[in-house]
Amino acid sequence: MSDALQLILEDTDGTQLETSCTRFAVIWQGKEVWIQQDGRGQLLIGVDVEEGDAEFANLLLRPLATNLVSLQLEMEPADAGDEDDGHVHGPDCGHTH
């Protein structure tokens with residue numbers, strides 16, 4: 001399976017431009033939301049975390065209708081020194097250590 005994403009970009013007047021890439025980002029609420037395939041047919045969506053960020057972004061996906069979902073960006077404080085919350089750091093947690 002190819003990692004290339006086929007994109008259709010559309011202007012406000014309806015003009016469409018077709019292109020492809022391996023990953024792309026949308027700047028949303030000041031954060032880069034990256035979208036890419038994982039090579040197994042799944043779509044990965046993540047938010048870049050930069051060194052020194054005071055907040056971490058959570059992406060919340062909710063169904064709206066049969067063919068629609070809502071994606072919400074929710075920020076939560078980053079407590080770098082607080083390990084009492086039960087979070088186990090691992091390679092997929094998104095935190096830089």
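Observations, loosely collected:
- Boolean, Arg40 is at pLDDT below 90 and touching a Ser or Thr at 6+ places or on another chain (Cβ under 8 Å): no
- When we screen Thr19, Thr96, Thr15 for residues that are modelled with pLDDT of 90 or more, surrounded by 10 or more Cβ atoms within 10 Å (Cβ to Cβ) and of a type outside the set (Phe, Trp, Tyr), the only hit is Thr19.
The values are calculated or read from the model by the stated rules, or taken from the named source; none is laboratory data. Please read these numbers as outputs of a predicted model, since none were measured by experiment. Here the Cβ is made from the backbone with ideal geometry for all residues, glycine too, and neighbour counts use every protein chain on show.
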